[in-house]
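Here the structure is laid out as structure tokens; the discussion comes afterwards.
The values are calculated or read from the model by the stated rules, or taken from the named source; none is laboratory data. The shown structure was predicted, so the numbers you read here are calculated from the model rather than taken from an experiment. Virtual Cβ from ideal backbone geometry, glycine too; neighbours counted across all protein chains shown.
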Amino acid sequence: MTLDELNGMDRESFTEALGAIFEHSPWVARKAWERRPYSSREKLHGAMMDIVRSSPEDVVIGLFRAHPDLAARIRMADHSVREQQGAGLDRLSPDEFDWFAAVNRRYTEKFGFPFIMAVKGKNKDDIKAAMEERLLHNREEEAARALEEIGRITGFRLADLIP
């Protein structure tokens, strides 16, 4: 897909093409359509992140909550499946799976949303260390970090979609 093709799409087609970039949140793409045309993938990504950052807190928290727990055995978006497989989270031992499940629960109980991390280029040990470290944050720090990680995740996804 090219930027010229995206810029020429109607709202429905644009939303369909980019709706999965932000986990189960096609509303971001729908709003980004209004800001066309985009001169670069980076401008498109920046606009999408600005849309999220300028959204009410409850909407942003809803976006956070749309993300699956890492290493969960649930149905998740295709992008998430591929990303977690790349980090080896689909090949955990039973003890490792139990560890991730317990830490995911503790994290969600503390912050009110799941642990979010761009796992591309990471392995399960990197992710475990990050989970342990980030559990020490306060909610404000962790919400800022979650948004930063969503920026990384969506940047990778757009780069895969638009060369």
Seminar exercise, completed: Checked against (1) over 30 Å from E96 (Cβ atoms); (2) touching a Phe, Trp or Tyr at 6+ places or on another chain (Cβ under 6 Å), I51 satisfies every condition except (2)
For this session: State all residues of segment 127-147 that are surrounded by 14 or more Cβ atoms within 10 Å (Cβ to Cβ) and assigned to a helix (DSSP H, G or I); if no residue qualifies, say none.
Result: I127, K128, A130, M131, R134, E142, A143, R145, A146, L147
Exercise. What number goes with the only condition from (1) touching a helix residue (DSSP H, G or I) at 6+ places or on another chain (Cβ under 7 Å); (2) surrounded by fewer than 16 Cβ atoms within 10 Å (Cβ to Cβ) that P163 does not pass?
Worked result: (1)
Problem set entry | Single match in D95, D160, D126 (criterion: closer than 19 Å to H45 by Cα and acidic (D, E)) | D160
For this session: Could you check segment 11-125 for helices (runs of 4 or more DSSP H) lying wholly inside it with 2 or more residues that are at pLDDT below 95 and either under 20 Å from D160 (Cα atoms) or acidic (D, E) (or both)?
Result: 78-86, 94-111
Seminar exercise, completed: Quick count over segment 1-42, residues being surrounded by fewer than 14 Cβ atoms within 10 Å (Cβ to Cβ) and either touching a Leu at 6+ places or on another chain (Cβ under 7 Å) or of a type in the set (S, T, N, Q) (or both), is 5
